[in-house]
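Working notes, structure below.
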Amino acid sequence: KNQVEQSPQSLIILEGKNCTLQCNYTVSPFSNLRWYKQDTGRGPVSLTIMTFSENTKSNGRYTATLDADTKQSSLHITASQLSDSASYICVVIVYNNNDMRFGAGTRLTVKP
Amino acid sequence: DVKVTQSSRYLVKRTGEKVFLECVQDMDHENMFWYRQDPGLGLRLIYFSYDVKMKEKGDIPEGYSVSREKKERFSLILESASTNQTSMYLCASSPGTPGNEQFFGPGTRLTVL
């Protein structure tokens, strides 16, 4: 069973709307959590990095939240644009051994 | 900007062929990684290297080998390609400890017929 579960698997929204992607993990002990954006045909690019002591981190229209107690993270996208169409991948880093666990990703499609 | 390049964007090979995938990074990073990405499974680590001539098995090393003769170059080798190795292959590099932020290449889409 994957230790990092993302939902939904895919999502379609209209341009200008907001959306929230979820990441639940069972990885323990936990060091930090990252969200990556992967455009079609490209490699993933880092959006945010949060340590266990951080609750929220923003990068432009992207805001990531983290609840280390419930082991949940979310990525909120505000005022979506067509260029936000991509896969969003949640990655959890295991404390002290640098092991990385990847979620399967959420495929977001923004339509005009 | 960190740049990670991969030798091919698309590759088609036949079952049983030996396949080389090359990855080069230009930021003097210590660590390099090879992943495969399949729909619904996410990225899975095949091998990584934290220094020249050093290699560590990842989660799915079977059927693959790697070579790191120079710091900037990390090669993935499929000794005898099989159809179940059809996938997207992603290379990444990172500085310092392996858990630091990774920078990914554009990927190689390999099809084994």
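Remark on chain A: A:Cys19 stand apart, with no other cysteine beta carbon under 4.7 Å.
With the simple spin-label model, which puts each label point 7 Å out from Cα in the Cβ direction, the A:Phe52 to B:Ile77 separation comes to 4.1 nm. Give the Debye-formula value of log10 I(q)/I(0) at each listed q (0.19 Å⁻¹), with one equal scatterer per alpha carbon of the stretch B:1-56, two decimals each. Treating every Cα as an identical point scatterer, log10 I(q)/I(0) equals -0.91. Computed extension length for A:Ser83-A:Ile12: 24.2 nm, one decimal, from 0.36 nm per residue of separation with the Cα-Cα distance subtracted. With viscosity 1.306 mPa s and temperature 10 °C, the Kirkwood radius over alpha carbon pairs of the protein assembly as shown converts through Stokes-Einstein to a diffusion coefficient of 88 µm²/s.
Put the Cα centre of the stretch A:40-100 next to the Cα centre of the stretch A:10-27 and the gap is 11 Å. Within the stretch B:64-113, the percentage of alpha carbon pairs spaced more than 12 angstrom apart rounds to 72%. Projecting the Cα positions of B:Leu78, B:Thr15, B:Val4 onto the charge dipole of chain B (unit charges on Cβ atoms of Lys, Arg, Asp and Glu, taken about the Cα centre) puts B:Thr15 furthest along the positive direction. Counting only other chain Cβ atoms within 10 Å of each residue's Cβ, the peptide B:24-33 averages 0.
Given just the C-alpha atoms of chain A, how large is their convex hull per residue in cubic angstrom? Please list the in-between numbers first.
Values: hull volume 10.5 nm³, N = 112.
Dividing the Cα hull volume of chain A by its residues yields 93 Å³.
Quick one: work out the % antiparallel among DSSP beta bridges in chain B, nearest 5.
Details: 34 of 38 bridges.
If I count the DSSP bridges inside chain B, around 90 percent turn out antiparallel.
Every Cα-Cα pair in the stretch B:1-98 was counted, and those over 23 Å apart are 20% of them.
Dividing the mean sequence gap of close Cα pairs (under 8 Å, 6+ apart) by how many residues chain A holds gives a relative contact order of 37 percent.
Computed from the coordinates by the stated procedures, all read-outs in this text should not be read as laboratory data. Since the model is a prediction, treat every value here as computed from it, not as a measurement. Note that we place each Cβ from the backbone using ideal geometry, even for glycine, and neighbour counts take in every protein chain shown.
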